[in-house]
Amino acid sequence: MKNKIAFVAVGQAGGNIGRLFEQKGFSVLYVNTSQEDLDTLDHAKFKHHITGGEGCNKDRRKAKQLVVDDFDNIAAEIESKIKAGMIFVIFASGGGTGSGAGPMLSDLLIDEGKTIGMITILPAPDESPKSHINSYECFSELTEISGTGACFILDNANGEKLNLNSGFVEAFTAFLEIPSKHKSVKGNIDKAEIEETLKAHGMAVVVRQKAQDSAGVIQAIKDNAFAPLEADRAVKYITASMAGNVSMADIEKAIGTPLDNFQTFNDEETICCVSGLSYPQTRLDEIYNKVSENKDTIKKNLAATHETRMKNDVNFLSESEPPKKKSEAPKPKTRRDIMSKYL
Ligand SMILES: Nc1nc2c(ncn2[C@@H]2O[C@H](COP(=O)(O)OP(=O)(O)OP(=O)(O)O)[C@@H](O)[C@H]2O)c(=O)[nH]1
Ligand SMILES: [Mg+2]
């Protein structure tokens, strides 16, 4: 799968995860507004410094404007360096560069005809209100992009950042290697089935478990899928190479009946990807509430610094309920339309 899947890693966190994929042999293009951040990536093959960028200090808007101005160069870099059929854009939702650029860049690349998945990160609960505002805004944008494939979400509430990075990269790589490594007379998973799983729109989860029974695997899926799973959740694919007594019937019973499943077997560990899941509304509401709780302090601090550009955010904060999703907007016609949607 190494020639079929590649990565565009945006911002610092994106770079940290991208680097692990590059070490596994995947093509990765690192994109950042900060030359200093790019300089920390020692053995990176493909780097792109966004023209005019000097870092975005958690300012999403600045990141978006820089991407708009430099999009031709970014697209040309991707075209010349990344040959894979599917690209995963990796970015943290709580910072400036990755959070601002990630959703818009994904949207623009879909418009260019690319097949795009996303890997993004939620801030830990003890991070700043600004990280939470950014994260909520980032998710408001990315959940509106209808043409994306799988969106994997790492939650910094679940552990130490670098451990989360490596745990995810190990599980995702093991999943991509199923067709070449796991063969069973009882059934195989081919590359097309892996790709179909990853093209499904919505949240996706991938786990790798030594547990030899279904309960351990189900627990791992739930932990990664922001359990309790949404009551009205959708599930499109469950794709797994299973070990021991782990069974697809048990997983489906606990997680939901998918449109289709793909399965194979091995003697060591279970690797399972569930895709086409609903986005984690409960966890996103928690992020929204975290911002709301600090509303007065945030307003006071903003007033003190006269940060006028934050006025929209204050409006966003003044709503008592999380903003309801807009009904499906007509598809924008031009690249300019897509860009202006984000500015
Ligand atoms: N899981 C994980 N989270 C990270 C990592 N690095 C940063 N974060 C989280 O990502 C958010 C900050 O995003 P960054 O990627 O550092 O920011 P950036 O995209 O470079 O944006 P600016 O520096 O603000 O321009 C915070 O919520 C951090 O906790 C990482 O390597 N792994
Ligand atoms: Mg940075």
Report summary line: Which of LYS199/LYS295; LYS64/LYS199; LYS83/LYS253; LYS45/LYS341; LYS191/LYS341 exceed 28 Å between C-alpha atoms? The answer is LYS199/LYS295; LYS83/LYS253; LYS45/LYS341; LYS191/LYS341
Query - Rg/Rh ratio calculated on Cα atoms of the range 1-176 (Kirkwood radius) - result: 0.92
Query raised in the report: So what is the 222 nm mean residue ellipticity for the chain from helices alone, if each DSSP H run of at least 4 adds -39500 (n - 2.57) and you divide by all residues, rounding to the nearest 500 deg cm²/dmol?
Result: -14000 deg cm²/dmol
Requested in this report: Would you mind counting up the charge near ASP213? Only other residues with Cβ under 14 Å from its Cβ, with Lys and Arg at +1 and Asp and Glu at -1.
Outcome: 0
Query raised in the report: Cross-link list LYS81/LYS181; LYS2/LYS161; LYS2/LYS333: which exceed 30 angstrom alpha carbon to alpha carbon?
Result: LYS2/LYS333
Query raised in the report: Hey, any idea what the orientation-averaged projected area of the convex hull of the range 109-221's Cα atoms comes to, in nm²?
Result: 9.0
Report task. Just the Kirkwood number for the chain, please: inverse of mean 1/r across all distinct Cα pairs, in Å, one decimal. Result -> 20.6
Query raised in the report: Using a simple charge model, +1 on the beta-carbon of Lys and Arg, -1 on the beta-carbon of Asp and Glu, nothing else, what dipole does the chain show about its Cα centre, in debye to the nearest 20?
Result: 500
Query raised in the report: What are the aspartates and glutamates whose alpha-carbon lies under 12 Å from the alpha-carbon of LYS210, with same-chain residues fewer than 8 places away excluded?
Result: ASP267, GLU268, GLU269
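Rule-based calculations on the coordinates, nothing more; no lab input. Keep in mind it's a predicted model, so treat the numbers as computed, not measured. Neighbour counts run over all protein chains shown; Cβ positions are idealised from the backbone, glycine included.
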